[in-house]
Amino acid sequence: MDIEYIFNIFCRLTGLDKENAVRYKFLCEKAAEQILNRLISAPQNDRLSSICFAAAASACYRYLLICATDGNASEIKVGELSVRQNLIDQAEAAEKVCRQAFFEIRDLLCDEAFAFKGV
């Protein structure tokens, strides 16, 4: 997979410019690695963009989880004016996007779920 392509999608999803996003590029690399480890077979070229989008969506979700739990203020108040950034809501929305992206490539991935069955 093309990490730069995944990184560009990640930047668009997060709204970060490349200079600020570069410190989170490892999330894109990790997401791509996890998808590659789950691929059943080599994907066809027409499905690569969907796989890359799923990796970027996964990286975006993880980025928002990091931001939501890093302890930085998510609300700024100056007099009567206040600006609030609800990162938990953003992370939940990113999770939905991520789930949809993985749903679209479900036929390419082996299932990680398992179950114990009785005899």
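I need the full set of residues from the range 14-40 which are aliphatic (A, V, I, L, M), touching a residue at least 40 places away in the same chain (Cβ under 8 Å) and surrounded by 20 or more Cβ atoms within 10 Å (Cβ to Cβ), in order please.
Residue satisfying the conditions is I35 alone.
On the given criteria, is I35 modelled with pLDDT under 90, assigned to a helix (DSSP H, G or I) and touching a helix residue (DSSP H, G or I) at 6+ places or on another chain (Cβ under 8 Å)? Break it down stepwise before answering.
Working: modelled with pLDDT under 90: no; assigned to a helix (DSSP H, G or I): yes; touching a helix residue (DSSP H, G or I) at 6+ places or on another chain (Cβ under 8 Å): yes.
So I35 does not fit the description; no.
Considering only residues of the range 1-21 that are part of a helix (DSSP H, G or I) and more than 15 Å from the chain's Cα centre (by Cα), which is farthest from A91 (Cα to Cα)? If you could, list the steps in order and put the result at the bottom.
Let us first name the residues in the range 1-21 that are part of a helix (DSSP H, G or I), namely 3-14, 18-21.
If we keep only those that are more than 15 Å from the chain's Cα centre (by Cα) as well, we get 18-20.
Working: K18: 20, E19: 22, N20: 19 Å.
The selected residue is E19.
Table: residues versus (1) of a type in the set (K, R); (2) modelled with pLDDT under 95; (3) under 16 Å from R106 (Cα atoms).
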residue: N20; (1), (2), (3): no, yes, no
residue: L27; (1), (2), (3): no, no, no
residue: K30; (1), (2), (3): yes, no, no
residue: I40; (1), (2), (3): no, yes, yes
residue: R47; (1), (2), (3): yes, yes, yes
residue: A54; (1), (2), (3): no, no, yes
residue: N72; (1), (2), (3): no, yes, no
residue: S82; (1), (2), (3): no, yes, no
residue: L87; (1), (2), (3): no, yes, no
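The values are calculated or read from the model by the stated rules, or taken from the named source; none is laboratory data. Keep in mind that this is a model prediction, so the values were computed, not measured. A quick note on method: Cβ atoms are made from the backbone with ideal geometry, for glycine too, and the neighbour counts reach across all protein chains shown.
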